[in-house]
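*Asks:* I have a structure here, written as structure tokens, and I will follow up with some questions on it.
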Amino acid sequence: MKLGTYTFLPEKAEGFDFHLYRVKPEVGRRMPPQPDMYSNIAIFGDNVTARNHPDWISQSPLGPAWRTNNNFNVRWEVLCATQPEHRAEQLDYIEDVARHSQGVWLNSIHFAEHGHCICPRCKQLHAKSGLSWLEWRRKEITDYMKLVSERVRDRAKKKFVIGVLPDPVTSYERFGINFDDLAPLTDEFLVVMFSKNYATPWYFETLTRNFKKIFKDVPLNISLYVFGPGDNPHEVPTPMELMTVSVRMARAGVDNILYLAEKASQITDFQKAAVANTELQETLRDYGGKPVQEYLDRIKGWEKIVDSSNQL
Ligand SMILES: [Zn+2]
């Protein structure tokens, strides 16, 4: 096993075997590649290009992939994955960066999320392909990665690594990624795991999607610990976290949610806090379609119960 660093600045900490430098992160800023470091490039997550070409943004039934669209896990602007000018420009750019560094590690190689992209060009490409919607998306990503792989490995003769998001089961439905297609095109894979404060609900949502796919038509129940027996009060989830995670699971298709605690009063405490946090309820309203609205309506419905328990 080797140990590496992954940095936003072209600086090498001592005691590591290799160094990966974020030459073009998702914010779209481009920095000169370093000859003795690997280069990390995000392709379709690109705030700068989105600002210059707002019409290139990825489209979906739940709105475009601006980072302000809470229906999706987008933390930056995501471009349509079939935009031909961006694709061509990135191919040349990636090859150039490969030639001037140790090799290229990619991020953001895929469609923004489930339901993307339905721009007129994508609709037309899909219709022309004769493939199912999901298979067409897969082909678009695989074919483009073939071109990128050829530029880095065959032409620049450098190491090539494809980065994917931490979703082993439903990356196909969400992003158009088929790992078996990509395996022969890449030297290694990188799985980008998120920091705790950044997107822990990501994992709850992803596990929900994964189990829904595996269980097929059998309903999925998920239980969340509100307060386990003997739990340290400082280590139990906050009501805010429970609500956010519940909403993320709702939009991913969970059928039922159970709240686990030792005593009913601990659950009532959670209900009181949930009802009181109207600000978070409002924020979560645009986190998804009907299932999310239904969940938030249930929280609203707790108002009466909480009121009557206050009177006792
Ligand atoms: Zn499109």
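*Asks:* Give just the number: which of (1) more than 25 Å from the chain's Cα centre (by Cα); (2) open to solvent by 30 Å² or more (accessible area, probe 1.4 Å); (3) over 15 Å from Arg298 (Cα atoms) does Ala261 not satisfy?
*Replies:* That leaves (2) as the condition not met.
*Asks:* Filter region 34-53 down to residues that are within 16 Å of the ligand (Cβ to nearest atom) and open to solvent by 40 Å² or more (accessible area, probe 1.4 Å), then give me how many there are. Give the steps one after another, and end with the answer.
*Replies:* The initial filter retains those residues of region 34-53 that are within 16 Å of the ligand (Cβ to nearest atom), namely 43-46, 49-50, 53.
Remaining after also requiring open to solvent by 40 Å² or more (accessible area, probe 1.4 Å): 53.
Total satisfying the criteria: 1.
*Asks:* Of Glu150, Glu140, which residue is within 15 Å of the ligand (Cβ to nearest atom) and modelled with pLDDT of 95 or more?
*Replies:* From the options Glu150, Glu140, the qualifying one is Glu140.
*Asks:* Continuing with this model, one more query. So Trp66 ticks every box in (1) under 29 Å from Thr200 (Cβ atoms); (2) part of a helix (DSSP H, G or I) but one. Which box is left unticked?
*Replies:* (2)
*Asks:* Please determine whether any residue of region 221-238 is assigned to a helix (DSSP H, G or I) and open to solvent by 60 Å² or more (accessible area, probe 1.4 Å). Before the answer, list the steps.
*Replies:* Let us first name the residues in region 221-238 that are assigned to a helix (DSSP H, G or I), namely none.
No - not one qualifying residue is present in region 221-238.
*Asks:* Let me ask something else. So Pro61 passes all but one of these: (1) touching a residue at least 40 places away in the same chain (Cβ under 8 Å); (2) within 24 Å of the chain's Cα centre (by Cα); (3) within 23 Å of Met193 (Cα to Cα). Which condition number does it fail?
*Replies:* Against the list (1) touching a residue at least 40 places away in the same chain (Cβ under 8 Å); (2) within 24 Å of the chain's Cα centre (by Cα); (3) within 23 Å of Met193 (Cα to Cα), Pro61 comes up short only on (3).
*Asks:* Among the residues of region 105-129, what is the count of those that are away from the ligand (no atom under 12 Å from the Cβ) and closer than 19 Å to Ile177 by Cα?
*Replies:* Selection size over region 105-129: 9.
*Asks:* Just checking, how many residues over region 165-191 are assigned to a loop (DSSP other than H, G, I, E, B) and out of contact with any Phe, Trp or Tyr (no Cβ under 9 Å at 6 or more places or on another chain)?
*Replies:* Final tally of qualifying residues: 1.
*Asks:* Of all residues in region 277-293, count the ones that are within 24 Å of Phe227 (Cα to Cα) and either surrounded by fewer than 13 Cβ atoms within 10 Å (Cβ to Cβ) or without any contact (Cβ under 8 Å) to a residue 24 or more places away in the chain (or both). Reasoning before the result, please.
*Replies:* Going residue by residue through region 277-293, those that are within 24 Å of Phe227 (Cα to Cα) are 277-281, 284, 292.
With either surrounded by fewer than 13 Cβ atoms within 10 Å (Cβ to Cβ) or without any contact (Cβ under 8 Å) to a residue 24 or more places away in the chain (or both) added as a condition, the list becomes 278-279.
Total meeting the criteria: 2.
*Asks:* I'd like to check something: does region 6-21 contain any residue that is assigned to a loop (DSSP other than H, G, I, E, B), open to solvent by less than 20 Å² (accessible area, probe 1.4 Å) and either closer than 14 Å to Trp105 by Cβ or touching a residue at least 12 places away in the same chain (Cβ under 8 Å) (or both)?
*Replies:* No, region 6-21 has no match at all.
*Asks:* Suppose we filter region 54-93 for residues that are within 14 Å of the ligand (Cβ to nearest atom) and loosely packed, with under 15 Cβ neighbours inside 10 Å; how many remain?
*Replies:* Number of matching residues: 5.
*Asks:* Just a yes or no: is a residue in region 239-252 more than 25 Å from Ala65 (Cβ to Cβ), part of a helix (DSSP H, G or I), of a type in the set (A, V, I, L, M) and touching a Leu at 6+ places or on another chain (Cβ under 9 Å)? Full working, then the answer.
*Replies:* Step one: of region 239-252, the residues more than 25 Å from Ala65 (Cβ to Cβ) are 239-242.
Retained after the next criterion (residues that are part of a helix (DSSP H, G or I)): 239-242.
Checking which are of a type in the set (A, V, I, L, M) leaves us with 240, 242.
From the residues that got through so far, the ones that are touching a Leu at 6+ places or on another chain (Cβ under 9 Å) too are 240, 242.
So far as region 239-252 goes, yes, one or more of its residues are more than 25 Å from Ala65 (Cβ to Cβ), part of a helix (DSSP H, G or I), of a type in the set (A, V, I, L, M) and touching a Leu at 6+ places or on another chain (Cβ under 9 Å).
*Asks:* Would you say Asp96 is away from the ligand (no atom under 15 Å from the Cβ) and surrounded by fewer than 20 Cβ atoms within 10 Å (Cβ to Cβ)?
*Replies:* Answer is yes for this residue.
*Asks:* Shifting gears a bit: So which pairs qualify, if the first residue must be in region 121-134 and over 15 Å from Cys80 (Cα atoms), the second must be within 13 Å of the ligand (Cβ to nearest atom) and open to solvent by less than 70 Å² (accessible area, probe 1.4 Å), the Cβ gap must be under 6 Å, and the two must be at least 6 apart or on different chains?
*Replies:* From region 121-134, the pairs are Ser129/Trp136.
*Asks:* Further, regarding this structure: Take region 139-164 and flag every residue that is part of a helix (DSSP H, G or I) and either within 28 Å of Glu241 (Cα to Cα) or among the polar types (S, T, N, Q) (or both).
*Replies:* Answer for region 139-164, where residues must be part of a helix (DSSP H, G or I) and either within 28 Å of Glu241 (Cα to Cα) or among the polar types (S, T, N, Q) (or both): Thr142, Ser149.
*Asks:* How about region 122-181: which of its residues are basic (Lys, Arg) and open to solvent by 10 Å² or more (accessible area, probe 1.4 Å)?
*Replies:* Across region 122-181, the qualifying residues are Lys123, Lys128, Arg138, Lys139, Lys146, Arg151, Arg153, Arg155, Lys157, Lys158, Lys159.
The values are calculated or read from the model by the stated rules, or taken from the named source; none is laboratory data. It should be emphasised that the depicted structure is a prediction, and the values quoted were computed from it without experimental measurement. Using ideal geometry, Cβ is built from the backbone for each residue, glycine included, and neighbour counts are taken over all protein chains shown. Remember, those area values only see protein heavy atoms, side chains included, never the ligands or the DNA or RNA. Shrake-Rupley method; radii C 1.70, N 1.55, O 1.52, S 1.80 Å.
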